[in-house]
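Here's the structure, in structure tokens; my notes come after.
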Amino acid sequence: MWVSCPLSWGRWAGTGPHPKPRLPSHPLPMAPRAELCPDGRGLAARLLQPLLSSQWGQQAAAKRAPPSQAPPSQPWPTEPGPADLIPASGSCHLLSLLPAHLSRVMALRAVEHSQEAANGLKEKVLTLDSMNPCVRRVEYAVRGPIVQRALELEQELRQGVKKPFTEVIRANIGDAQAMGQIPITFPRQVLALCVHPDLLNSPDFPDDAKRRAERILQACGGHSLGAYSISAGVQMIREDVARYIERRDGGIPADPNNIFLSTGASDAIVTVLKLLVTGEGRTRTGVLIPTPQYPLYSAALAEFNAVQVDYYLDEERAWALDVAELRRALRQARDHCRPRALCVINPGNPTGQVQTRACIEDVIRFAFEERLFLLADEVYQDNVYAEGSQFHSFKKVLTEMGPPYAARQELASFHSISKGFMGECGFRGGYVEVVNMDAAVKQQMQKLRSVRLCPPTPGQVLLDVAVSPPAPSDPSFAQFQAERRAVLAELAAKAKLTEQVFNEAPGIRCNPVQGAMYSFPRMELPPRAVQRAQELGLAPDMFFCLRLLEETGICVVPGSGFGQREGTYHFRMTILPPMEKLRPLLEKLSQFHAKFTCEYS
Amino acid sequence: MQRAAALVRRGCCPRTLGPWGRSQSSAAAEASAVLKVRPERSRRERILTLESMNPQVKAVEYAVRGPIVLKAGEIELELQRGIKKPFTEVIRANIGDAQAMGQQPITFLRQVMALCTYPNLLDSPSFPEDAKKRARRILQACGGNSLGSYSASQGVNCIREDVAAYITRRDGGVPADPDNIYLTTGASDGISTILKILVSGGGKSRTGVMIPIPQYPLYSAVISELDAIQVNYYLDEDNCWALNVNELRRAVQQAKEHCNPKVLCIINPGNPTGQVQSRKCIEDVIHFAWEEKLFLLADEVYQDNVYSPDCKFHSFKKVLYEMGPEYSSNVELASFHSTSKGYMGECGYRGGYMEVINLHPEIKGQLVKLLSVRLCPPVSGQAAMDIVVNPPVPGEESFEQFSREKESVLGNLAKKAKLTEDMFSQVPGIHCNPLMGAMYAFPRIFIPAKAVEAAQARKMAPDMFYCMKLLEETGICVVPGSGFGQREGTYHFRMTILPPVEKLKTVLQKVKDFHIKFLEEYA
């Protein structure tokens, strides 16, 4: 079937022209993200824009929400829509593709003024037009409209609405325990003991867990998790993190005073970026981030009104990072901003590549030469699956490169308890290690962190266990190791399976999932589907993912939410569903793609 | 000059510098000259320095954990090393951290949290059924039935429902919609998120945010960070720190000349000032906000901490609704609450929520989007919040113990509030308003002219000078009034009332002795 479709796969074969990367076209700092978001609005607004501006949008909205009534609270999809906007499949109505709140917003916009007049309502202080324009530009696809729609579908299923599937599978987010991964026993035991110290007398808890809990409580104010910790985190836990880093990096020293515990890694990343952003106009800070990227970066940069500088990972070479491309991005960015930081995600999210040591050395040399502050997002450091791949920390490579890099290159490296083998996302634990940071700036960072008082103490406790697991002589050692190994082995098997099944599907190509928790396959979409999507005001891969969700219950995130080369389409899917669910899921997805392709051929 | 400064900085920080010498660094500088597009500065300069960093962040101040607290940490270390001091321990009366001061956690809350953390305990006979019931309910609402999953960015659904039910009960039946509830990482997170959305405009149309003086310095810190305009309105110290609408009017009129005042922040009960607003005053404020088209932020984290028998907490939400539809369907309001204060004092869990009223639906979408970038508030803090809003009820197994513990904490706080006020009133040169609520005394202190001079000679605010001396001589750590804002020429400090009663008495006595000595020394 794939062969029958008139699609160009030249680029895969390496014969076609390299697509021209999109470059920031607006030198003004007020519009740093303009190339990704032409109207300067958020994704939700962008989805709506064509609908709102079309006559149909307003009519439809008016029809559904009489001006005299309060905003409707029920979702729309049960009502039929105008025939010309039913997609070719005839199976789903456009409005049903949109989360209910977006639909409601449409309705509200249409009736707003008459309603205001009728009820004597004043115009609000806080509106889309009056709000912080930087916040409005923020986009975060991992929890975007597609996830809102998934939520609604789940609710409909619960209410007994008939669907072509029985459950929604949330493969959109790296949330292991939501997918059924059982928490590792030992960290939870230690945390329960810290939470409720009466349990220290219980015979049901192993001695090493109790010793650990007592040690942590000793280090807490009032010997309680209920006290604030110092803003950088409990001192003893920072020391444990430093020792962990030393072990990981083969003895290279780590200073606890360079460790700041955080509310998940996101919090720390945002803090370091915030410190870096300064200047106006052409001196505004530019930050190099990979494309595809984890959208926390683009979101934070939009919020800070910094200039996003995209460098493209090389899909043809398993998403490798190429220093020549860094150089290109930097050179072009210098025309309109002052690039001061370089973000690297290793292992890659959403792309799953694991960087080689040589590549890391090149990146460090480049950063040093070009005077860029390095941000190394290393939250997937325990998630390396491919044979021959190994995680190398930027800190270690930096130090081993010796002078001038070791003592001069500024680096912040991030880690988290949400990934790895523990998958304790909900506790929001993480840390940043800063290397070669100016002492005065470190104090500023400390001050900034102190405004938020401290990271949640339960997350700090779990982090402590993650960085100092039971030793071979401890009673919990065997069980801990067995649980840890089981989680990581299963993830490795799922990474392999995902790559394999996707690569068997015509029209889908998937690079090896060397690490992290996601596949980011490239898919071909027929021109008619692309055209259809454009008519609906949707990115083509968003259109695909929404249809996939409606028809199969599988929730994945379109590549456009992470960034991709113009004219290519991807989606990110986690490898986290349990093994027995994953294979049927992958097959269902491949089949849907085939059907979708045919439908629009 | 810059290079010299950099060298000095490096001298302070030998550990990160490493042992490499001058010749290598000049070699590096030469190498840099070869490369084309290059900032003019020396290679030895770091990328991120005090000069090159975000100036808004540099402008942030946060006295509650500022220099005096750093000094307290140093002194503690010195004590540990055996250095002799005129005291044996540092008493941290700088921050409202009840459990750090020895307050015991509420048993029921910790039981539920332990059950949620380690569900094997659900089979244990040593936990009461009502705690198990709540833990099961929370876990069932979590992804994968685990606190280890991310929740929805707005917070776990059933917890938001419980919060809404709590608000409805608190406000005598005024309805609350779970869709308007956003769980947060402590109240601070909610406050800064809402402020972030509100700030816009440039030059004279830049958003102005009205905050009380004295204020809790989170507000000024976030305003600096967002580069918004801080618009001060002064609480009336002579009138028990009451809020006067004429003063609001003065402040807004003056502010309109240079910014666009859009937000009015109220802290009730007051931090650091401890006043509890009367219903009449809240009505006046709401009317004023309506008139001036101001978005209201009501920081109500001390709503359970009201001690004076003749005052009562009124929520802005309730008063707003009772003022009728003209107000209740127009005035935009965000109200904040937290697990950190009240009777539970669970600061470390970072639990909190905000309720938004009359927020534009499009803005709600923007809010969820912004919150979703940080994924979710800590689920353990959300669970703690759930117990706060959904405590044991009469007839449940844990009700009696829970009530006893709660009464004991609140009774103690009331006693300590009275004790503090009484003690300070006896000291010449100290004036302390009644502590109607919250957790702090904010007494006004007389600082003699010679002491003011001595402070200025050291480039310190006079009350900082005073507090530093107090810390060095007695080990008591309090925060100078200048960190919260105060009328020019007046001096204060903020001290928590959280130390246990006996210790508090000693602390107050020591402050008294110190103050008298200080007055003599600088007479």
- prompt: Under the Karplus relation 6.51 cos²θ - 1.76 cosθ + 1.60, θ = phi - 60°, what is the ordered set of whole-Hz ³J(HN,Hα) values for region A:461-469, x standing for Gly and Pro?
  reply: 4, 5, 4, 4, 5, 4, 8, 9, x
- prompt: Do you know which residues of region A:425-446 lose at least 30 square angstrom of accessible area in the protein assembly compared with their chain on its own, with a 1.4 angstrom probe?
  reply: A:Gly426, A:Phe427, A:Arg428, A:Asn436, A:Asp438, A:Ala439, A:Ala440, A:Val441, A:Gln444
task: Take every Cα pair under 8 Å in region B:143-390 that's 6+ residues apart, average their separations, divide by the length, and report that relative contact order as a whole percent.
output: 26
- prompt: For the protein assembly as shown, what is the accessible area per residue in Å², given a 1.4 Å probe and the full set of protein chains?
  reply: 36
query: How large is the dipole of region B:130-175 about the Cα centre if only Lys and Arg carry +1 and Asp and Glu carry -1, each at its Cβ, rounded to the nearest 20 debye?
result: 200
- prompt: What list of ³J(HN,Hα) couplings, whole Hz, do you get for region A:584-592 from phi and the Karplus terms 6.51, -1.76, 1.60, once you set θ to phi - 60° and write x for glycine and proline?
  reply: x, 4, 5, 5, 4, 5, 4, 5, 4
- line: Here, GluC sites (Glu not before Pro) of region B:467-523 satisfying both criteria (DSSP loop; at most 16 other Cβ within 10 Å) are B:Glu488
field: Cβ-placed point charges (K, R +1; D, E -1), dipole of the protein assembly as shown about Cα centre in debye, nearest 20
entry: 2180
- prompt: Rg/Rh for the protein assembly as shown: what does it come to with C-alpha atoms and Rh from Kirkwood?
  reply: 0.95
Which of B:Phe313, B:Ala93, B:Ile229, positive extreme of dipole for the protein assembly as shown (C-beta unit charges): B:Ile229
message: Straight-line reach from A:Lys447: which lysines fall under 18 Å, measuring Cα to Cα and dropping same-chain residues less than 8 apart?
response: A:Lys274, B:Lys58, B:Lys71
query: At a Förster radius of 51 Å, what calculated FRET efficiency corresponds to the Cβ-Cβ distance of B:Asp236 and B:Lys84, to the nearest 0.05?
result: 0.65
statement: Dividing the mean separation of Cα pairs under 8 Å (6+ apart) by the residue count of chain B yields a relative contact order in percent of 19
task: Please compute the net charge surrounding B:Pro67, taking Lys and Arg as +1 and Asp and Glu as -1 over other residues with Cβ under 14 Å from its Cβ.
output: +2
query: When you look at the Cβ of every residue in B:261-267, what mean number of other chain Cβ atoms sits within 10 Å?
result: 1
message: Applying a 10 Å radius around every beta-carbon, put B:346-353, A:286-293, A:559-566, A:500-507 in order of their mean neighbour count, most first.
response: B:346-353, A:286-293, A:559-566, A:500-507
- request: Give the peptides B:371-383, B:209-221 in descending order of average Cβ contacts within 10 Å, highest first.
  value: B:371-383, B:209-221
message: Sort B:Trp241, B:Trp290 by heavy-atom solvent-accessible area, probe 1.4 angstrom, most to least.
response: B:Trp290, B:Trp241
message: Taking beta carbons within 10 Å but only from partner chains, what does the mean come to for residues A:226-234?
response: 6
query: Which of the aspartates and glutamates could a cross-linker bridge to B:Lys505, judged by Cα under 17 Å and excluding same-chain residues fewer than eight apart?
result: B:Glu89, B:Glu421, B:Asp422, B:Asp513
task: With the full set of protein chains in place, find how many percent of the accessible area of region B:143-390 is carbon and sulfur; take the probe as 1.4 Å.
output: 48
query: Computed on protein heavy atoms with a 1.4 Å probe, what is the summed buried accessible area for the chain pair A and B, in Å² to the nearest 100?
result: 9300
task: Under 26 Å Cα to Cα from A:Lys494, which lysines show up? Leave out anything in the same chain fewer than 8 places away.
output: A:Lys419, A:Lys581, A:Lys588, A:Lys595
field: Unit charges on C-beta of K, R, D, E only; dipole of region A:325-409, Debye
entry: 480
message: Can you compute the radius of gyration and Dmax for chain B, using only the Cα atoms, both in Å?
response: 25.3, 81
message: At a 10 angstrom cut-off on C-beta neighbours, averaged per residue, how do the peptides B:476-483, A:228-235 rank from highest to lowest?
response: B:476-483, A:228-235
task: Could you work out, residue by residue across B:375-385, how many beta carbons of other chains sit within 10 Å of that residue's beta carbon, and then give the average as an integer?
output: 6
- prompt: Along the charge dipole of region B:143-390, which of B:Leu294, B:Ser329, B:Gln366 sits closest to the positive end, that is, farthest toward it, with unit charges on the beta carbon of Lys, Arg, Asp and Glu (+1, +1, -1, -1)?
  reply: B:Gln366
query: What translational diffusion coefficient, in µm²/s and rounded to a whole number, does the Stokes-Einstein relation yield for region B:143-390 at 25 °C and a viscosity of 0.890 mPa s, taking the hydrodynamic radius as the Kirkwood radius over Cα pairs?
result: 134
field: In sequence order, calculated HN-Hα J values of region B:96-111 (Karplus, 6.51, -1.76, 1.60; Hz; x Gly/Pro)
entry: x, 10, 4, 6, 5, 8, x, 5, 7, x, 5, 4, 4, 4, 5, 4
message: Using the Cα centre of the protein assembly as shown as origin and beta-carbon charges of +1 (Lys, Arg) and -1 (Asp, Glu), tell me which of A:Pro339, A:Ala529, A:Ala192 is placed farthest towards the positive end of the dipole.
response: A:Pro339
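The values are calculated or read from the model by the stated rules, or taken from the named source; none is laboratory data. None of these values were measured; they are calculated from a predicted model. Quick reminder, even Gly has a Cβ in these numbers, built from the backbone with ideal geometry, and neighbours come from all protein chains shown. Side chains included, ligands, DNA and RNA excluded: accessible areas come from the protein's heavy atoms. Shrake-Rupley method; radii C 1.70, N 1.55, O 1.52, S 1.80 Å.
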